[in-house]
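For reference, the structure discussed in these notes is given below.
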Amino acid sequence: MGLSNAFGLLSNDRSKPLHYRFAKKQRHKMNSVIANSSLISNDPVLDSAQFDWSSKLSRHWEAIRDEALAIFEHRDAIPPLREVSPDHRRIMRDNSWRSFFLVGYGNRIEENIARAPKTAELLSHIPGLNSAFFSILAPGAVIVPHRGVTKAFMTAHLGLVVPKQREKCWMRIHDQRLTWGQGKWMVFDDTYEHEVQNETDETRIVLLCQITRPLKAPGSWLANATMNYIKRSHFVQDAKSNLADWERVFAKAERGEL
């Protein structure tokens, strides 16, 4: 599951600015241009081996996992994604998907990076990294079918903590049903319909990265314009403010004040 969108999930658009509604109506044409300019496959699921950064992070997955588990000790202070980004409430019925951000739409969360320094150093080897966070899915969690908004990004999951019954914790991407593996990457295009279910009594934790798709012109120009629009949107600005509030909550949890 990736960061789903910045202007595609909300059901009532009539109150939104004209440029918002125009961008939403044009996103399919924009994605077509980006797809035609892609330097990699446009398939729903991609081979992680074609990306040089994937093997480097895979070799150190246990160090990344250990930092994630240290953070997970304060699980109740890790923000549910639907509280950070309210537009995700349409796809999540509860707070069973929590996200500890290190980078969000190009913005480094320095306090959180200090809590996961090895992970942050490894992330610096990913070119075009847009967002990165520990994605924590509680037992019984359900993320309903949905699509991301732009092909300008790829989404990548590095499995860190995977339930023993792997087949019962899964993601469907288009017509493929996939499961996570510890130290293994899952790379996909989230503009294809996808959904997630954790049908086990164990927690699933992955490092989720949103990465700029390798493109040539004119798709690269359009992708840059799209990303700049999203970064300036009120969705991202509101999320930054919400993350700052949750950082204070997490700091209190670390001090034993919650």
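The values are calculated or read from the model by the stated rules, or taken from the named source; none is laboratory data. Keep in mind that what you see is a predicted model, and the values were worked out from it rather than measured. Note that we place each Cβ from the backbone using ideal geometry, even for glycine, and neighbour counts take in every protein chain shown.
Residues that are of a type outside the set (S, T, N, Q) and in contact with a Leu (Cβ under 8 Å, 6 or more places away or on another chain) within the stretch 154-181 comprise Met154, Ala156, His157, Leu158, Leu160, Val161, Cys169, Trp170, Met171, Arg172, listed in sequence order. The strands (runs of 3 or more DSSP E) falling completely within the stretch 126-189 that include 3 or more residues that are crowded, with 20+ Cβ neighbours inside 10 Å and within 17 Å of the chain's Cα centre (by Cα) map to 129-137, 153-161, 185-188. On the stretch given as the stretch 199-220, residues that are in contact with a Cys (Cβ under 7 Å, 6 or more places away or on another chain) and outside any loop (DSSP other than H, G, I, E, B) total 1.
Assess whether Ile205 counts as being more than 23 Å from Asp66 (Cα to Cα), of a type in the set (Val, Ile, Thr) and touching a residue at least 60 places away in the same chain (Cβ under 8 Å). It is false that Ile205 is more than 23 Å from Asp66 (Cα to Cα), of a type in the set (Val, Ile, Thr) and touching a residue at least 60 places away in the same chain (Cβ under 8 Å). What is the residue count in the stretch 67-93 for residues that are of a type outside the set (Val, Ile, Thr), touching a residue at least 12 places away in the same chain (Cβ under 8 Å) and in a loop (DSSP other than H, G, I, E, B)? Residues flagged as of a type outside the set (Val, Ile, Thr), touching a residue at least 12 places away in the same chain (Cβ under 8 Å) and in a loop (DSSP other than H, G, I, E, B) within the stretch 67-93 amount to 4. With respect to being surrounded by fewer than 21 Cβ atoms within 10 Å (Cβ to Cβ) and of a type outside the set (S, T, N, Q), Phe101 falls outside the description. Any residue that is under 16 Å from Arg98 (Cα atoms), over 14 Å from the mean Cα position of the chain (by Cα) and among the small types (Gly, Ala, Ser) - is there at least one of those in the stretch 238-250? Within the stretch 238-250 (the criterion being under 16 Å from Arg98 (Cα atoms), over 14 Å from the mean Cα position of the chain (by Cα) and among the small types (Gly, Ala, Ser)), the answer is yes, since at least one residue qualifies. Scanning the stretch 12-45 for residues that are modelled with pLDDT of 80 or more and either farther than 18 Å from Ser220 by Cβ or assigned to a helix (DSSP H, G or I) (or both) yields a total of 13.
In the stretch 151-166, the residues that are within 11 Å of Asn198 (Cβ to Cβ) and of a type in the set (Asp, Glu) form no Cβ pair under 8 Å with any partner that is outside any strand (DSSP E or B) and modelled with pLDDT under 95, whether six or more places apart or across chains.
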